[in-house]
Amino acid sequence: MKALRCRVSIPRYLLAKVLGKRYPIPFLPLRLVDISEPSAPPGWVKVKVRLCGICGSDIALLYGKNSPRLSPFFSFPAVLGHEIFGELDGKRVVVNPNLACRERGLELCAACARGEEGICQNTAEGAFAPGMLGFCRDLVGGWGEWIWAHPDKVHPVPERVPDERAVLTEPLAVVLRGLRNFDLSNDGKALVIGAGTIGLITIRLLRILGYKAEIHVAARYPKQAELAIELGADRVYSDVWDAPRLVGAKSYRAIIGPPAWRGGFDVVVDAAGSKTSLEQASWATREGGKVLLLGSPGQMKHDFSPHWFREVKLLGTYIYSNADFRRAVDLLPKMEGIEKLVTHKFLLSDWRKAIRTVIHRRGIKVVFKP
């Protein structure tokens, strides 16, 4: 079958890390290849891929932005793609790509035993090479024509849910997991920094989960701002620092550099995953408030002053439990409007155009259609 395989090497990794978006797309460690059908793990099922998203973590990998300290938990060469929507026996399905203890043929670790498979301690152990589907050399990811999946990780898509909404199940599960850190019943104000896929899903999901307080959003582009309002935001800003001022925060001039702040939002979601957005989130949060990292940051320097001086709590979410993923599937019928986030579809053979569309911000969610 045809598939997009990533082959990581230290020289390419270092060069991409230095050049960033200037790194020529044809020289990225990604190639469209013909691969032979690997043998099926016992009891697993074959899913035909209909759509698979390009995630920020995929781009971070290709451009050398991931932390090298995470490298033991991924294995290459691998067929990428973990946002998988497909077909099994003629029925539409989505696939949870996580490979925790059960899928790896191991006794349950402490995390898996309490239902927290997203922080499984054995993702580099057991029957398969390290990594989840899309980052594991032993199992193909969704940037190919089909995948093998553990039957417990395959979920039917509810009727009347469009394909473009279904392919967003995996990022929806990420956001759902992250929002478990917040008390959604309080009356505090929330700020979402970044109005890409994760940020826009956050807005809609907050409303679906009953969050009635104001949601403020920092968005860079007019289309993002338009969708943010449509999905439930109250105010949208092109300049992040306009937001805390409007909720009563006060800035104080520093001896050099950016100002310090008092007051701000009860909760701030960093859905951009950059050094700048983390700094903004940390200072836009009130004393004792919470910052949730939902982007895909790599290595970065950060001034931790607001976290100890103002007791701003910093929380991170990378992946989800099995229960989170099942709940995300159940919520799909209520998540009207997020299908508009899928702005571009590409064949695997057009992968260079797809990557170019992502890195030049020409769309919101870009997906492959094998």
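Some observations on this one:
- Cα pair count fraction exceeding 17 Å, expressed as % - segment 98-137: 16 percent
- Pairwise label distance in nanometres, ALA124 with GLU159, each label 7 Å out on the Cα-Cβ vector: 4.7 nm
- For segment 270-294 versus segment 295-344, the gap between their alpha-carbon centres in whole angstrom: 12 Å
- Packing-based order for 140-150, 63-73, using average beta carbon neighbours within 10 Å, highest first: 140-150, 63-73
- Taking the average, over residues, of other Cβ atoms within 10 Å as the packing measure, peptides 326-332, 14-20 rank 326-332, 14-20 from highest down.
- Look at the alpha carbon pairs under 8 Å that are at least 6 residues apart: their mean separation over the length of segment 93-231 gives a relative contact order of 18 percent.
- Compactness of segment 17-84, expressed as Rg and Dmax over alpha-carbon positions, Å: 14.6, 45
- Rounded to the nearest 20 debye, the dipole size of segment 183-316 about its Cα centre is 180 debye, using +1 on the Cβ of Lys and Arg and -1 on the Cβ of Asp and Glu.
- The rule of thumb for compact globular proteins, 2.2 N^0.38 Å, goes into the C-alpha radius of gyration of the chain 0.98 times.
- Length-normalised contact order of the chain in % [C-alpha pairs under 8 Å, at least 6 apart]: 18 percent
- If the chain linking GLU311 and GLU230 were pulled fully straight, counting 0.36 nm for each residue of separation and taking away their Cα-Cα distance, it would gain 25.8 nm.
- Residue-count net charge about SER282 - beta-carbon cut-off 9 Å; Lys, Arg +1, Asp, Glu -1: -2
- Cleavage-rule hits, trypsin sites (Lys or Arg not before Pro), segment 70-127, DSSP coil, Cβ neighbours within 10 Å at most 13: ARG114
- Note: segment 246-370, Cα convex hull, 177 Å³ per residue.
- Highest-first arrangement of 252-265, 154-167, where packing means the average Cβ count within 10 Å: 154-167, 252-265
- Among residues other than SER75 with Cβ under 11 Å from its Cβ, the summed charge is 0 (Lys and Arg +1, Asp and Glu -1).
- Magnitude of the charge dipole, the chain, Cβ model with Lys/Arg +1 and Asp/Glu -1, debye to 20: 1080 debye
- Per-bin percent of Cα-Cα distances, segment 183-316 [5 Å]: 2, 11, 22, 25, 21, 12, 5, 1, 0
- Isotropic mean projected area of the C-alpha convex hull, segment 81-165 (nm²): 6.0 nm²
- Proximal charge balance of MET300 [Cβ under 15 Å; K/R count +1, D/E count -1]: +2
- Between 0 and 90 degrees, the angle of helix 222-231 with respect to the longest Cα principal axis of the chain falls at about 90 degrees.
Values quoted throughout were computed directly from the atomic coordinates according to the rules given, and no laboratory measurement underlies them. Nothing here was measured: the structure is a model prediction, and the numbers come from that model. Glycine gets a Cβ as well: all are built from the backbone with ideal geometry, and neighbour counts include every protein chain shown.
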